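Following this message is one structure expressed as structure tokens.
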Amino acid sequence: LPFGSNKQRRFPVAYAAGRCLAHSKGDKEFIKWALEGRSAESAYAFLVSALEESSHYLIIDSSRMLHGLRSANMQPARAVGNLKEVHDALAVLDHKRKYGNKEIEYSDVEKALEIDLGEYSFRLAKDTDSLYDIGKTMGICVGSYSNRAAAKACTILTMQKADKYVAC
């Protein structure tokens, strides 16, 4: 929903929401990026969800992460979903940008934890990126423990049922 377009006349609430949510140049760039390629209805839904969530901090954080990704010549894929979903997708990419992928090494005792029990499989994460990907898939924060797992400050075991993650 480009600012200054005839769409602002068709969807004045969405246009006004975008203006209210964007307090800095970075915020405006993030909102513009988040709305690119969306239908007018999808843009409207995104902005309404942002207003309903009272989520200016998500916008500030998303703006910061988008800037960091672009500065590293990483162009995130088109934004999909509501503000929280877009923020969470950027968070995964930003963490990967900052810390890179690290293989997680395990002792023989830890490797013995990998077992199959009936229809459940228990597995150790192979690397830090896989923890972020699992967290994104499940909608949980297990990825935020990836550096601790790589540093051996904790051990994370995943649980799958029929090749679908159900717990960590």
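What follows draws every value from the coordinates through simple rules; no lab data is involved. As the structure is a prediction and not an experimental result, all values here were calculated from the model. Heads up, the Cβs are rebuilt from the backbone with ideal geometry, glycines too, and the neighbour counts pull from every protein chain shown.
At 222 nm, what helix-only mean residue ellipticity would the chain give, in deg cm²/dmol to the nearest 500, using -39500 (n - 2.57) for each DSSP H run of four or more?
On the way: 9 runs with 91 residues, N = 168.
That comes out to -16000 deg cm²/dmol.
What is the spin-label model distance, in nm, from Phe122 to Lys25 if the labels are put 7 Å beyond Cα along the C-beta direction?
Distance between the two pseudo-spin positions: 5.4 nm.
Next question, about the same structure. Which of the pairs Lys32/Lys164; Lys25/Lys102; Lys98/Lys136; Lys28/Lys164 have their Cα atoms more than 27 Å apart in this structure? Intermediate results must be reported in sequence, preceding the final value.
Numbers: Lys32/Lys164 35 Å; Lys25/Lys102 34 Å; Lys98/Lys136 17 Å; Lys28/Lys164 38 Å.
Exceeds cut-off: Lys32/Lys164; Lys25/Lys102; Lys28/Lys164.
If you don't mind, another one. What does the charge count near Lys136 come to, summing +1 for each Lys or Arg and -1 for each Asp or Glu among other residues with Cβ under 13 Å from its Cβ? Each step should come with its number before you reach the end.
Details: positive: Lys84, Lys96; negative: Glu85, Asp88, Asp94, Asp129, Asp133.
With Lys, Arg at +1 and Asp, Glu at -1, the net is -3.
A follow-up question, please. Please work out the Kirkwood hydrodynamic radius for the chain, using every pair of different C-alpha atoms, and report it in angstroms with one decimal place.
Roughly 17.9 Å, rounded to one decimal.
Could you check the simple spin-label distance between Cys154 and Asp108, using points 7 Å along Cα→Cβ, in nm with one decimal?
2.8
On to the next question. Report the full-extension gain for the segment Arg78 to Lys164: residue separation times 0.36 nm, less the Cα-Cα distance, to one decimal in nm.
On the way: separation 86, 0.36 × 86 = 30.96 nm, distance 2.59 nm.
That works out to 28.4 nm of additional length.
Also: Multiply the residue separation of Tyr99 and His67 by 0.36 nm, subtract the distance between their alpha-carbon atoms, and state the gained length in nm to one decimal.
Working: separation 32, 0.36 × 32 = 11.52 nm, distance 1.65 nm.
Working it through step by step, the gained length comes to 9.9 nm.
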